[in-house]
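**Student:** First, the structure itself, so that you have it in front of you.
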Amino acid sequence: MKIDDLVIPETAACVAAREVATAYCSPALLNHSVRSYLWAAAHAKEAGIAFDAELLYVAALLHDIGLVKEFDSHSVSFDEAGGHVAWVFAAGAGWPVERRVRVAEVIVRHMWSRVDVAEDPEGHLLEYSTSVDISGRGIDAIPAGLRVEVLDRYPRLGLKDEFVACFESQAERKPDSSAAAAVRNGIAARVAANPLDA
């Protein structure tokens, strides 16, 4: 499998999501978001999982938007905040209410420990792919050649330090958040051991 075998949808909503992520995310977080979509699309191709490419791409590009200062909620977890931003984004894109709800769900669920593929293929794929990119969990399912291509085109740019700092900041300010739970459960050690940074 090659990177060019993975289709990045070019709908108006996808182009706008990329524009938003580029404007607000650091280069490291932006590349993480794009890689998350690519790992998800590769896993879907390998496992024969049908998915809505536009929905998954928008969710992937906006899934960490709640970590950036402009959208960092003082009261809710970053994934919930990101879901709210995505709902508003989707409304502006003209998506019906049900689809707005879906993109928010996918973003919130990416922090779950597991998402049932039969119930939510996009949520499952984003949970899987963000785990691959952050901690390396499930990386062996991604062909080695594809890993090299993706990392060459979308390098990590110091993601591990930035990501851990974001989560530790979230945990300190919002001790009941998903980020705080991840910090308590050793996310820093898992990030440090990610083979993608080797």
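**Student:** From the set of residues in the range 48-68 that are surrounded by fewer than 22 Cβ atoms within 10 Å (Cβ to Cβ) and without any contact (Cβ under 8 Å) to a residue 60 or more places away in the chain, which is farthest from THR22 (Cα to Cα)?
**Tutor:** That would be GLY48.
**Student:** Only residues in the range 2-25 that are among the acidic types (Asp, Glu) count as the first member; pair them with residues that are surrounded by 11 or more Cβ atoms within 10 Å (Cβ to Cβ), Cβ under 8 angstrom, at least 6 apart or cross-chain, and list the lot.
**Tutor:** Filtered contacts from the range 2-25: ASP5/LYS45.
**Student:** Looking at ALA21 and the list (1) of a type outside the set (Asp, Glu); (2) open to solvent by 10 Å² or more (accessible area, probe 1.4 Å); (3) in contact with a Ser or Thr (Cβ under 7 Å, 6 or more places away or on another chain), which single condition is not satisfied?
**Tutor:** (2)
**Student:** Test VAL85 against the criterion of being out of contact with any Ser or Thr (no Cβ under 8 Å at 6 or more places or on another chain), free of Cβ contacts under 8 Å to residues at least 60 places away in the same chain and over 12 Å from ALA21 (Cα atoms), and give yes or no.
**Tutor:** Criteria not met by VAL85.
**Student:** Looking only at the range 130-157, count every residue that is outside any helix (DSSP H, G or I), under 23 Å from VAL115 (Cα atoms) and open to solvent by 50 Å² or more (accessible area, probe 1.4 Å) and tell me the total.
**Tutor:** Of the residues in the range 130-157, 1 are outside any helix (DSSP H, G or I), under 23 Å from VAL115 (Cα atoms) and open to solvent by 50 Å² or more (accessible area, probe 1.4 Å).
The values are calculated or read from the model by the stated rules, or taken from the named source; none is laboratory data. Everything numeric in this text was worked out from a predicted model, so none of it was measured. Ideal geometry is used to build each Cβ from the backbone, glycine not excepted, and the neighbour counts take in all protein chains shown. We work out accessible area using only protein heavy atoms, side chains counted, and drop any ligands, DNA or RNA first. Shrake-Rupley method; radii C 1.70, N 1.55, O 1.52, S 1.80 Å.
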